[in-house]
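The values are calculated or read from the model by the stated rules, or taken from the named source; none is laboratory data. Nothing here was measured: the structure is a model prediction, and the numbers come from that model. With ideal geometry, Cβ positions are generated from the backbone for all residues, glycine too; neighbour counts draw on all protein chains shown. Areas reflect the complete protein model, heavy atoms only, side chains present, ligands, DNA and RNA absent. Shrake-Rupley method; radii C 1.70, N 1.55, O 1.52, S 1.80 Å.
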Amino acid sequence: MLVKERCFSLFERKILLLFLIFLINSQNVRADVKENIVEKLNSIQTIKFKFTQTSNGVSERGVCLLFFPNKLKCNYNDKNQKELIINKTRLAITQKRYNKTYFYSLSKSPFDRILNKDKLIEYIKSSNIKIDNNIIKFNSYDKEGQSLNILFDKNQYNFLGWETTDKFNNNIVFVIDIMLINSNFDSNEFDLPKNN
């Protein structure tokens, strides 16, 4: 009986050792993925991309210019001629058809973490990572209960977009298709409109 217990114990140790090797390997792969994405992000200053934004079942499309840090301009292909401009800490949404502009602060918005490269890199380093098919997903929740997933391509480590769920349970998915990287943009593109 004693011999069987030792054999079983040896078998258990082998299983535990294999599990630990697998766990360490998995952690190393995840660390390598994070470092590769950080390296890619550090090489990018600007991105021009097409987007599809889906919010509560409604999809919108358009084109955006992103200039790190904290500058984004999106023109929506819709009947209201919507334009979104972010410049540092302010966000303006204009409906050109009606000549109406609404201003918001970025301080509690996911854009604060996405558009500031330093905060984005810190987010990547500290977030949970999930690799599914060809998508790398970084996930975390903030103090207000908002979920943020930032998505990257598994093969080229390209930025693919983000998914958010706010405290009111609104789901927003913003998927991007990169057109140009590190192109020159006119800095006036990101000027906020004047108050109406």
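Summary of computed values
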| read-out | value |
| --- | --- |
| Lone qualifier among Ile93, Ile114 - being closer than 26 Å to Ser43 by Cβ and hydrophobic (A, V, I, L, M, F, W, C) | Ile114 |
| Selected residue (only one of Phe111, Phe152 is open to solvent by less than 50 Å² (accessible area, probe 1.4 Å) and in contact with a helix residue (DSSP H, G or I) (Cβ under 9 Å, 6 or more places away or on another chain)) | Phe152 |
| The stretch 60-79, residues that are closer than 15 Å to Asp177 by Cα and surrounded by fewer than 19 Cβ atoms within 10 Å (Cβ to Cβ) | Glu60, Arg61, Gly62, Val63, Asn75 |
| Hits in the stretch 102-132 - residues which are of a type in the set (Lys, Arg), within 13 Å of the chain's Cα centre (by Cα) and more than 17 Å from Lys34 (Cα to Cα) | none |
| Subset of the stretch 155-182 (residues that are in a strand (DSSP E or B), closer than 17 Å to Lys108 by Cβ and open to solvent by 50 Å² or more (accessible area, probe 1.4 Å)) | Ile172 |
| Qualifying residue in the stretch 104-125 (condition: part of a strand (DSSP E or B) and closer than 16 Å to Lys71 by Cα) | yes |
| Check on Phe185, of a type in the set (A, V, I, L, M, F, W, C), closer than 18 Å to Gly57 by Cβ and over 17 Å from the mean Cα position of the chain (by Cα) | no |
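Residues checked against (1) in contact with a strand residue (DSSP E or B) (Cβ under 8 Å, 6 or more places away or on another chain); (2) β-branched (Val, Ile, Thr); (3) buried (at least 17 other Cβ atoms within 10 Å of the Cβ); (4) on the phi > 0 side of the Ramachandran plot:
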{"position": "Asn87", "(1), (2), (3), (4)": "yes, no, yes, no"}
{"position": "Asn99", "(1), (2), (3), (4)": "no, no, no, yes"}
{"position": "Ser107", "(1), (2), (3), (4)": "no, no, no, no"}
{"position": "Lys117", "(1), (2), (3), (4)": "no, no, no, no"}
{"position": "Leu120", "(1), (2), (3), (4)": "yes, no, yes, no"}
{"position": "Tyr123", "(1), (2), (3), (4)": "yes, no, yes, no"}
